[in-house]
1. Residues to consider are 84, 19, 66; find the one that is in contact with a strand residue (DSSP E or B) (Cβ under 8 Å, 6 or more places away or on another chain) and among the acidic types (Asp, Glu).
2. Pairs please, first residue from region 406-434 and without any contact (Cβ under 8 Å) to a residue 60 or more places away in the chain, second anywhere and among the polar types (S, T, N, Q) and assigned to a loop (DSSP other than H, G, I, E, B), Cβ atoms under 6 Å, 6+ apart in sequence or on different chains.
3. Name the residue that is nearest to the chain's Cα centre (by Cα), counting only residues in region 318-327 that are of a type outside the set (D, E, K, R) and open to solvent by 30 Å² or more (accessible area, probe 1.4 Å).
4. For residue 342, only one of the following conditions fails: (1) over 18 Å from residue 28 (Cα atoms); (2) without any contact (Cβ under 8 Å) to a residue 40 or more places away in the chain. What is its number?
5. Among the residues of region 44-78, which ones are charged (D, E, K, R) and more than 18 Å from residue 104 (Cα to Cα)?
6. Having 3 or more residues that are not β-branched (Val, Ile, Thr) is the bar; report the helices (runs of 4 or more DSSP H) wholly within region 328-434 that clear it.
7. Out of curiosity, is residue 138 under 21 Å from residue 349 (Cα atoms) and of a type in the set (Asp, Glu)?
8. How many of the residues making up region 385-405 are free of Cβ contacts under 8 Å to residues at least 12 places away in the same chain and open to solvent by 40 Å² or more (accessible area, probe 1.4 Å)?
Amino acid sequence: MLPETFTFTPLKKRQIQADFSGGHITSDAGLLLLREIDRKSRLTERVANCLVDSRQTGKVKHELVDMIRQRVYGIACGYEDLNDHDSLRSDLTFQTALNRLNPLASKATLGRMEQSIDRHTVVSAHQVMWQRFIDSYDQPPKRIVLDFDATDIELHGNQQGKFFNGYYDHYCYLPLYVFCGRHLLVSYLRPSNIDGAKHSWAITSLLVKFIRRHWPETQIILRADSGFCRHRMLRWCDRHKVDYVVGLARNSRLQQQAEKGFEVARQLHELTGEKQSFCMPMAYAAHSWDKQRFVVAKIEVSDKGDNPRFIVTSLLEEKATQLYRELYCARGEMENRIKDQQLDLFADRTSSPRWWVNQWRMLLSGFAYMLFEDLRRLLQGTELERVSIHTLRLKLLKLGAVVIRNTRKVRFLLSDAYPYKEIFAGLYKRLGFT
C-alpha cells in the first residue's frame, strides 16, 4: 500500500514532502500548438480519407481520423509504440487534441486499424503528400530538385520481406526516400535483396507526371548518388525532359580521362604544399549507355593522395564547379531529413510481421514530420527555426502543465518559468488567434 505522503531530506528548516494529490498533470501541453496546425492544414483528415472503414457503423466508437491523429500526435510527442497508448488514451491533453472527452482508442484498436492497411491506402497517402507539396507554393517555381536516397532499417524479428544485405551487414529493409528541399514526397518501403535503384524510375515517372499536371513549365532536376546511376533512369530522364545530376562510380576509364587534370593538381600541390581541388568537364559513355553524356570530374589532390569524384549531368550550360560544389554537394542536406525520420520520429520502428503495416508506420512518421515542418515555417525569424525535430519537441511540445477540466472549460496551467513564453505567444498569434 502506498504511503499518503513522501517525506524527503529537508531543505534547511523547510520540510520536503510529496504526494499524489496534484490532479492531472501533463508533460505534452505543447501538443495544443500541433493540434491547431493540423486543423488548419487538414493533414490527418485528408489521410483518413485514404482509408476504407469496413466496420459496422453502429459499433464504431473511434473514428479513423481520431485514430490517425492519436498515432501521429503520439509519434510527434516521442511515443513510438502502440503500447504507449494504453496510458495515453487517458491523458487529458491527447483527449483535448482529438476533441474528445472520453478515453481514446486502445493499442488493440489502433493495431486493428493498422492491420487493415493495403497498397491502395499507401498510394493514396502518397498522393496526399504530393498535393500538399503543390499547395505549399503560391505560384509554380521555376525549378525544383528531387533528391533520391536509400537507407537501411535493421530488422530483428521475422518480418515479411526480411533479407540479409551484404553492404549493411545485417538483416534489414531498404526504404527509398524522395525529398524536395524539406518537403517529404516519398517514403517507400522495399526489401533489401534488390538493387538500390530498384523502382526509382517508376516512382520518378509517377511523381513527375503528377507535378507537371500542375506545373507544366517547371524545370525538374533529379539529384542522387552513384547508387542511382542506371541507364534506364538516365534514358527515361532524357526522353521526358527531366534534368539530372547523379553521382558516377569511378572506374579506370574515367580516371584515365581525368589524368591530365590530376597531373596539373599534383604539380601545384608539390609547389604549394596545399590541397588542390577543382572541377573539370568531360564527355563519357559507359558501355551500357545509348550515348555520350556530360560528366564533371572533381580533381582533388592532398597529402593523402588523389581523391577523384565524378557526376553525370544533363545541365550542359552550367559551369562545372557550380554543378558539383553548389548543386550536387547540396544533396547531403537530404541525409539530415532521413535522420529526422529515423532518429527523431521512429520511422525505423518496423516491428510488425506484416509488410503493409510496416510501410504504414513509416508513413505515420512522415505525417508527423510534415506537421513539424508546418510548425517550423511558423518559427521563421526565431531562434528555433533551424533546430532539429528533437529540439523542437523538447522545447515546444514537452511542456509541463496542470490540466483542469470541468463542464465549462479545459484549462492548461503552464509554468510561469517556461523559458520560451515569447515564442509560444508568437506561434499563438501566427496561428490566427488574438
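1. 19 is the lone residue from the list that is in contact with a strand residue (DSSP E or B) (Cβ under 8 Å, 6 or more places away or on another chain) and among the acidic types (Asp, Glu).
2. Cβ pairs passing all conditions: 423/382.
3. 322
4. (2)
5. 46
6. Helices (runs of 4 or more DSSP H) meeting the threshold: 332-339, 355-378, 421-430.
7. no
8. So the count comes out to 3.
The values are calculated or read from the model by the stated rules, or taken from the named source; none is laboratory data. This is a predicted model, so every value here is computed, not measured. Every residue, glycine among them, receives a Cβ derived from its backbone with ideal geometry; neighbour counts consider all protein chains shown. Each accessible area value is taken on the protein alone, full model and side chains, heavy atoms only, with ligands, DNA and RNA left out. Shrake-Rupley method; radii C 1.70, N 1.55, O 1.52, S 1.80 Å.
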